[in-house]
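The values are calculated or read from the model by the stated rules, or taken from the named source; none is laboratory data. In this text, all values refer to a predicted model and were calculated from it rather than measured experimentally. Methodologically, a virtual Cβ is constructed for each residue, glycine included, from the backbone with ideal geometry; neighbour enumeration extends over all protein chains shown.
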Amino acid sequence: MLWKNRTGLKRKFCWILVMIIAAGTFAGILMINKTIKINRLFAEKYELHGVDVSHYQGKIDWTRLAKQDVDFAFIKATEGSSYLDERFLDNWQEAAETDLYIGAYHFFSFDSDGAKQAAFYIETVGNLDGRLIPAVDVEFYADKEKNPPKEEEVRTNLRKMLTVLEDYYQVKPVIYSTYTVYNQYIKGEFEEYPLWIRNVYYPPMGDLGRTWTFWQYTDTAVLEGYEGTEKYIDRNVFRGTYNEFAERMVCR
């Protein structure tokens, strides 16, 4: 009788183990295929949380936004060599009246000279003392994913822009990128610059081949305090402590 009970327990244990493995495998497949998103659970462990915004969020009540587990905000300033985000000046001024760490980001154009893009950013944003380091958003737009620009041309212009910004602000800008663009243009070429990676499906792991600094973990967050055409807002985390953030990410 005892032997039969033990055999039954073993079988039950084996079935439970099989079910756990099957469930884990199924969840893993769904994550890889980008069917489910688990990032918010993993993002909770980081100390500093932030947002990135542009004119798509419309008019923002920064005081209200800052009270919703938001420590920092990157605000779109410029794009290419001549486009100014229509909400930048208002966002920049109003966000500065809160306790948030704020920074300005530039949307990189594959069709403009890198030095000219940097000059336009500097002319628009100006002094960054006490603000976050410059951020350069490098991602595909329009038909660029179907017709990707030549790698050497992109890297040359991006290097120009980063160098001009670094010389002016005396800090290394952070590069924002998607996995596709990162693997094609950034990986192995700009290792000395902080990386801000977008992955809204699962946490960045060894697939990057390097350590990230900022992680955009969702593009479908909903917060209170903005009224633009876009109901969602991007959420990000910083990989590190408050002291590390203040020491490495703030211009002086």
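Observations on the structure shown:
- Selection status of G130, small (G, A, S), over 14 Å from the mean Cα position of the chain (by Cα) and at pLDDT 95 or above: yes
- Qualifying residues in the stretch 165-181 (those that are touching a residue at least 40 places away in the same chain (Cβ under 8 Å) and part of a helix (DSSP H, G or I)) - the one nearest to H106 (Cα to Cα): L165
The rows are residues; the columns are (1) crowded, with 18+ Cβ neighbours inside 10 Å; (2) in contact with a Gly (Cβ under 9 Å, 6 or more places away or on another chain); (3) touching a residue at least 12 places away in the same chain (Cβ under 8 Å).
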| site | (1), (2), (3) |
| --- | --- |
| K144 | no, no, yes |
| P148 | no, no, yes |
| F190 | yes, no, yes |
| Y193 | yes, no, yes |
| W196 | yes, no, yes |
| M205 | no, no, no |
| T229 | no, yes, yes |
| V237 | yes, yes, yes |
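- Selection status of L162, surrounded by 19 or more Cβ atoms within 10 Å (Cβ to Cβ), touching a Gly at 6+ places or on another chain (Cβ under 7 Å), outside any strand (DSSP E or B) and at pLDDT 95 or above: no
- From the list E244, E224, the lone residue that is assigned to a helix (DSSP H, G or I) and surrounded by fewer than 18 Cβ atoms within 10 Å (Cβ to Cβ) is E244.
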